Each structure stands twice: as structure tokens, then as C-alpha cells.
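Coordinate-derived values only; no laboratory data. Bear in mind the structure is a predicted one, so any value in this text is a computation, not a measurement. Glycine also receives a Cβ, built like all others from the backbone with ideal geometry; neighbour counts cover every protein chain displayed.
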Amino acid sequence: MAGYSVFAEFYDELTINAEYSRRAEYFLVLLKRLGHKPVLALDLACGTGSLTLELYRKGIDIYGVDASVEMLSRAREKCIDAGADILFLQQKMQDLDLYGTVDTVFCSLDSINHLQGKEEVQKAFQKVALFLEPRGYFVFDLNTLYKHEKILGSNTYIYDMERIYCVWQNRFISSTGRVDISLDFFHREGDLYHRSRERFSEFAYPIQYITHWLQMAGFDKIHLFDELSFEPPRKDSQRVVVAARKGC
């Protein structure tokens, strides 16, 4: 995931409402409803390890992978502070290379949207399938085109927090469904503010493409849900959850 070097320092503060404990519980209940119990799992594009840690606390043997050294540094610090023995590896999703197989792969908070184009998404799905045991589950979410166009759009957001002031600017490209994101951070140190900037893009993929690419990678059962729900996606769903089972 490109563009998460400077952002790593402020990521947890800006995603304080992500409800990681609730998401972890939701994923586990969802899998239980599908007849699957995770034993050894991977948190793909784990970021600062918040979801990884919540799943660990719920009894899952899990490790994390992320492309950003800075995000992984935060994840390791967080887990050390919590007394959690979790392994973290620096790898891109599309270059995944594990020591062995896992029975479950989690990937949350629109990480898939950071993959830049069909080839990267297909390669990431193929890599997940390669290291996933037969009948194992790949559970992930992704932002919809509706969210990119109607919610993120070309809007600007201001976050005025105790330690930082952040200007979040979006630019929606209608021809591709891409949102270019520019973050300007003003970090307080004493009486001074230090400015830093991060830029990255997110790509919206039609769910029928996602389903087709999963099938091509060897997933035989694909379930779709509205975010944090057991109901099917709606036309105005902002995020869709996908639970895909690898074939035998």
C-alpha cells in the first residue's frame, strides 16, 4: 500500500472510530454462520495492527502483513505494549509469500481499493489462494463506487485534533471511479506546527468484477454482505464485505 509513510504516525488518531473490536467480532460471527472457525489466520494489509490485535485477543493465532515499514513499526509497538506475540512481515498484497498455509485471511478497511488496476487485484487474489488451505476463507471489505462518487467525491474534510490538524482533500475521477487523496498534516511540537504531506489513490471495482476474479483464482463460494451486516449489499452501500471460500 503506497503512501502510508507519513500517514502512519497519525493513522490511529484519524481512524479512532473504526471500531476494530466490533469488526473482529463481526468477522468471526460471519464465519461461524458460514460454518468456518479460524485457527491460523493472516491479517493482510494489517496497517498498524489494530484488527490483528483484536483477533489475537479473541483467541486466533494470527500474524500480519503490510507493505509499509512505518505502519508495521506502529503495529509492533502496539503489540509489544499489549504483551501480544504477533509476527509481522513487510510484503505487498500482490507479492505475498508466506512460510506456509493459513486457514483464514482477513483484509479490512478498503485495503483492496488501494490495488491499482485489474492485474494487481488478480495477482493479490491468486497469492491469497496460493497460501490459503482448501475450504479456507478469504474475508475482506472494499469501498463501493457509490461511496467514491457520492461520499468521498471531490470533497475536503478538516480534522482538528489535540496533536494534529489535518486537511483531507479528495479528487474523484468519474471515468475510472478513482479517488486521489491528498493529506496535509500540521503536527504540533511546542509552539510550532510542522507540515507534512501524504498522497495516495483508491480504486473502485464493480462487485461483479471482484466476484469473477475470485472465481478465476479458485474460490468456489462467494458471499456478499453490507458492511457489518448479514444482509446483502444495497445500491447505496458504502462498503461491501466479501467472504470467499477456496475450493478443494
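Annotations
- Segment Met216-Glu119, length gained on full extension (0.36 nm per residue, minus Cα span): 33.7 nm
- Counting only residues at least eight positions apart within a chain, or on another chain, the aspartates and glutamates with an alpha carbon under 19 Å from that of Lys118 are Asp95, Asp110, Asp141, Asp180, Glu202.
- Fewest neighbouring Cβ atoms within 10 Å first, the residues Thr156, Thr104, Thr52, Thr211 line up as Thr156, Thr211, Thr104, Thr52.
- Ranked for footprinting exposure by Cβ neighbours inside 10 Å, fewest first, His114, His148, His194, His187 give His194, His187, His114, His148.
- Two-decimal Rg to Rh for the stretch 147-202 - Kirkwood Rh, Cα set: 1.10
- Choice from Asp191, Asp110, Asp141 showing the highest fluctuation, given a GNM over the chain with Cα pairs closer than 10 Å: Asp191
- Loop-located GluC sites (Glu not before Pro) in the stretch 129-192 (DSSP state other than H, G, I, E, B) with a sparse environment of at most 16 neighbouring Cβ atoms within 10 Å: Glu162.
- Helix-only [θ]222 nm of the chain, DSSP H runs n ≥ 4, -39500 (n - 2.57) each, per residue, nearest 500: -7500 deg cm²/dmol
- Sorting Leu98, Leu145 from the fewest to the most surrounding beta carbons within 10 angstrom yields Leu145, Leu98.
- The H on the amide N of Val105, modeled in the peptide plane, is under 5 Å from the matching H of Leu42, Tyr137, Phe138, Val139, each at least 5 residues off or on a different chain.
- Springs join every pair of Cα atoms under 10 Å in this Gaussian network model of the chain, and among Asn17, Asn170, Asn155 the largest mean-square fluctuation is at Asn17.
- Greater than 18 Å apart at Cα, pairs in Lys32/Lys235; Lys221/Lys246; Lys32/Lys92: Lys32/Lys235; Lys32/Lys92
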